[in-house]
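The values are calculated or read from the model by the stated rules, or taken from the named source; none is laboratory data. The structure displayed is predicted, hence computed values, not measured ones. Using ideal geometry, Cβ is built from the backbone for each residue, glycine included, and neighbour counts are taken over all protein chains shown.
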Protein chains: 2
Amino acid sequence: MRTIEWKNGVVLTIDQTRLPDSLVYVKLRNSRDIASAIKTMKIRGAPLIGAAAAYGLALTAYNSKVSSKREFMKEMEDTVQILKGTRPTGMNLFWAVARIMSEVRKRRDLRVDMLRDLVVKEAGKIADEDVEINRRIGEHGSKLVSNGDAILTHCNAGALATVDYGTALGVIRSTWEQGKRIKVIATETRPRLQGARLTAYELQAMGVPFTLITDNMVGYVMSRGLVSLVITGADRIVKDAVVNKIGTYSIAVLAHEHKVPFYAAAPLSTFDLTHEAVDVTIEERPPEEVTRFGSKMIAPRGTKALNPAFDITPIKYVTGIICEKGVYAPQQLQELL
Amino acid sequence: MRTIEWKNGVVLTIDQTRLPDSLVYVKLRNSRDIASAIKTMKIRGAPLIGAAAAYGLALTAYNSKVSSKREFMKEMEDTVQILKGTRPTGMNLFWAVARIMSEVRKRRDLRVDMLRDLVVKEAGKIADEDVEINRRIGEHGSKLVSNGDAILTHCNAGALATVDYGTALGVIRSTWEQGKRIKVIATETRPRLQGARLTAYELQAMGVPFTLITDNMVGYVMSRGLVSLVITGADRIVKDAVVNKIGTYSIAVLAHEHKVPFYAAAPLSTFDLTHEAVDVTIEERPPEEVTRFGSKMIAPRGTKALNPAFDITPIKYVTGIICEKGVYAPQQLQELL
């Protein structure tokens with residue numbers, strides 16, 4: 001099944017905090033369930049969070065008991081606030097919420113029961129489109145990868161970060177399905193270990209040969225000539241920068257120094273080209289994610305830690321951006337506006 | 001007490017794999033105990049490994065029952081082989097063993113019982129000198145640090161990595177004792193977490209304010225202007241490079257890109273200036289250190305991982321090297337030969 005699915009007014013998704021130990025599906029019955037799953041990272045990955053937010057609005061609409069449009073719009077707006085309060089950095093959540101609310105506002109002439117259907121349908125469309133868009137990203141990106149290449153990827157930008165197929169891992173999937181012999185180097189991605197837990201899980205399922213490294217081995221593998229290109233996902237792409245999982249910026253600088261091409265793969269719903277890096281809020285997560293490993297304390301009691309969930313890579317370090325429309329040099333991004 | 005001590009034919013040391021949870025002292029009674037403690041990283045840190053190797057020879061000499069010099073030399077040579085087989089990258093082990101064996105060979109005129117005393121005494125001298133040398137490193141290095149500076153350090157180059165006082169943390173200790181207000185950013189240093197476990201432990205004991213980060217946050221903190229200078233230890237310094245804990249190279253490249261000065265602090269016993277980077281063997285440790293956390297698997301079963309314990313930083317990324325003779329630009333290293 002897909003990473004997230006709508007089944008008769010219930011949203012079914014994988015609890016990604018339990019992988020790779022257990023594949024556990026959870027049922028989310030209202031927008032608060034969705035918001036909580038996003039906050040606790042049961043649901044993570046910018047495109048998946050976008051689809052989940054759309055389904056959050058769909059759950060509110062589906063379960064709505066009100067008969068006036070004013071009350072319905074109030075319920076929708078309240079849900080928007082709840083969803084927007086989960087994680088501030090990724091663009092797709094804001095994009096999905098805006099898209100659905102714009103549809104609703106456009107069709108204010110409809111009866112409440114029809115508006116409810118419209119929201120549920122639009123959420124489904126967002127999810128369906130995500131899969132199709134990722135396939136196109138995969139196809140475009142696969143042209144950048146040659147037989148024998150070793151691709152370094154960071155965090156998880158796979159089927160688990162999207163509704164299905166993946167962005168960065170979608171490119172790897174598409175390349176692999178074309179029969180090119182490739183290898184992947186996956187960074188473990190502290191503190192939440194999405195690389196070790198999720199990317200390794202997906203690559204193993206695909207059958208792509210891969211090697212796991214700790215985040216501090218990136219310079220080492222590049223200096224040994226073990227990396228042909230880097231492909232990561234993105235949480236937000238602004239005019240002058242790619243915002244992605246903490247560690248991406250360090251990798252991009254190292255790639256630049258080693259003349260290794262650095263690509264970010266993301267759907268247009270991740271793009272926020274009217275803003276710049278200075279406008280972006282970087283989510284700061286609890287320091288305990290750093291000072292503990294699971295429930296076990298690793299640092300002495302009282303240790304202070306930083307925990308920015310994302311960092312900002314200026315476009316000077318970015319070779320290209322892979323989206324459903326093709327591969328763009330970062331200087332060409334304005335063409336997409 | 002010191003990190004390692006000789007007490008009537010027994011070597012007492014801290015089991016560093018148990019920190020910061022428990023401060024456990026272990027007794028090592030022969031050179032195989034020493035070798036095993038080095039291999040399993042109960043004892044770690046290049047200068048400490050050097051002192052431990054010296055004590056390994058001292059234990060063999062102290063416990064020797066043979067009466068002929070030939071047999072004594074055989075015992076010593078066998079111990080040398082055992083010790084040299086533990087960890088290949090750090091220089092100090094080879095330096096300490098060579099120093100003791102050179103002393104013994106110089107004094108072959110002595111009776112066996114006097115040779116035994118000589119070895120024990122020489123090992124003690126190596127340990128005593130290490131503390132004194134670190135204090136001098138601290139003094140020289142402290143001149144590089146200004147009031148208000150934030151120092152980023154990697155892994156643990158503290159009292160725990162030496163007999164006492166520390167190299168990189170010795171500089172921090174000396175600066176702090178002079179009353180300069182400084183802050184430290186410590187990288188956790190996967191896979192063995194010496195930063196989170198040991199450096200945090202030492203900084204907390206010193207009272208120096210510090211913040212723990214994951215290894216992939218180095219670019220982030222530098223891009224935000226949070227780092228004034230980097231000081232790390234070193235495991236081997238060759239003509240054209242500094243060999244140190246995996247991750248050091250990535251940090252040095254990032255420092256270079258952000259115009260942050262990068263220093264390595266190490267005693268002359270770490271220097272191997274007749275060799276170059278290409279001559280260095282990088283120890284590859286078990287992949288399980290990466291795929292597991294303690295006993296818990298973090299990656300899916302069957303995941304392959306790289307685990308080089310060290311990396312190589314070419315001197316073009318190194319601002320200076322702090323040793324007991326002063327601070328040297330890497331181009332000046334030949335003066336020390």
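One table, with the values for the structure above:
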{"read-out": "Residue in segment A:114-126 that is surrounded by 18 or more Cβ atoms within 10 Å (Cβ to Cβ) and under 16 Å from the mean Cα position of the chain (by Cα) present", "value": "yes"}
{"read-out": "Residue check for B:Ile38: in contact with a strand residue (DSSP E or B) (Cβ under 9 Å, 6 or more places away or on another chain) and surrounded by 18 or more Cβ atoms within 10 Å (Cβ to Cβ)", "value": "no"}
{"read-out": "Residue in segment B:93-101 that is among the basic types (Lys, Arg), more than 20 Å from the chain's Cα centre (by Cα) and over 21 Å from B:Phe310 (Cα atoms) present", "value": "no"}
{"read-out": "Residue within segment A:261-276 that is buried (at least 20 other Cβ atoms within 10 Å of the Cβ) and within 14 Å of chain B (Cβ to nearest Cβ) present", "value": "yes"}
{"read-out": "Qualifying positions in segment B:245-263 - polar (S, T, N, Q) and either assigned by TED's automatic domain parsing to the domain that holds B:Phe94 or closer than 23 Å to B:Lys143 by Cα (or both)", "value": "B:Thr248"}
{"read-out": "Boolean, B:Arg173 is under 26 Å from B:Trp6 (Cβ atoms), among the basic types (Lys, Arg) and either touching a Cys at 6+ places or on another chain (Cβ under 8 Å) or at pLDDT 95 or above (or both)", "value": "yes"}
{"read-out": "Residue match in segment A:106-113 (condition: in the same structural domain as A:Thr60 (by TED's automatic domain parsing), touching a helix residue (DSSP H, G or I) at 6+ places or on another chain (Cβ under 8 Å) and either on the phi > 0 side of the Ramachandran plot or in contact (Cβ under 8 Å) with a residue 24 or more places away in the chain (or both))", "value": "yes"}
{"read-out": "Residue that is exposed (fewer than 13 other Cβ atoms within 10 Å of the Cβ) and among the hydrophobic types (A, V, I, L, M, F, W, C), where the choices are B:Leu110, B:Leu57, B:Leu23", "value": "B:Leu23"}
{"read-out": "Output for segment A:9-20, where each listed residue is over 21 Å from A:Lys84 (Cα atoms) and either modelled with pLDDT under 95 or hydroxyl-bearing (Ser, Thr, Tyr) (or both)", "value": "A:Thr17"}
{"read-out": "Test: residue in segment A:172-192 that is surrounded by 21 or more Cβ atoms within 10 Å (Cβ to Cβ), at positive phi, within 9 Å of chain B (Cβ to nearest Cβ) and assigned to a loop (DSSP other than H, G, I, E, B)", "value": "yes"}
{"read-out": "Subset of segment A:228-271 (residues that are among the charged types (D, E, K, R) and within 23 Å of A:Leu193 (Cβ to Cβ))", "value": "A:Asp235, A:Arg236, A:Lys245"}
{"read-out": "Residue satisfying condition, being in contact with a helix residue (DSSP H, G or I) (Cβ under 7 Å, 6 or more places away or on another chain), farther than 28 Å from B:Arg192 by Cβ and not assigned by TED's automatic domain parsing to the domain that holds B:Pro308, within set B:Met73, B:Met91, B:Met101", "value": "B:Met101"}
{"read-out": "Strands (runs of 3 or more DSSP E) completely within segment B:285-337 that count 2 or more residues being more than 9 Å from chain A (Cβ to nearest Cβ)", "value": "B:320-323, B:326-328"}
{"read-out": "Output for segment A:136-171, where each listed residue is hydroxyl-bearing (Ser, Thr, Tyr) and either under 14 Å from the mean Cα position of the chain (by Cα) or buried (at least 24 other Cβ atoms within 10 Å of the Cβ) (or both)", "value": "A:Thr153, A:Thr162, A:Tyr165, A:Thr167"}
{"read-out": "Flag if B:Thr89 is of a type outside the set (Phe, Trp, Tyr), in contact (Cβ under 8 Å) with a residue 12 or more places away in the chain and in a loop (DSSP other than H, G, I, E, B)", "value": "yes"}
{"read-out": "So B:Glu284, is it assigned by TED's automatic domain parsing to the domain that holds B:Lys239, surrounded by fewer than 16 Cβ atoms within 10 Å (Cβ to Cβ) and either within 19 Å of B:Ala161 (Cα to Cα) or charged (D, E, K, R) (or both)", "value": "yes"}
{"read-out": "Among (1) more than 8 Å from chain A (Cβ to nearest Cβ); (2) buried (at least 24 other Cβ atoms within 10 Å of the Cβ); (3) small (Gly, Ala, Ser), the one test that B:Ala205 misses", "value": "(2)"}
{"read-out": "Residue match in segment A:200-216 (condition: under 14 Å from the mean Cα position of the chain (by Cα) and aliphatic (A, V, I, L, M))", "value": "no"}
{"read-out": "Test: residue in segment B:245-258 that is in a helix (DSSP H, G or I) and more than 9 Å from chain A (Cβ to nearest Cβ)", "value": "yes"}
{"read-out": "Residue match in segment A:226-236 (condition: out of contact with any Cys (no Cβ under 6 Å at 6 or more places or on another chain) and part of a helix (DSSP H, G or I))", "value": "no"}
{"read-out": "Some residue of segment B:227-243 being of a type outside the set (Lys, Arg) and within 8 Å of another protein chain (Cβ to nearest Cβ)", "value": "no"}
{"read-out": "Condition met for B:Asp21 (touching a Lys or Arg at 6+ places or on another chain (Cβ under 8 Å) and of a type outside the set (Gly, Ala, Ser))", "value": "no"}
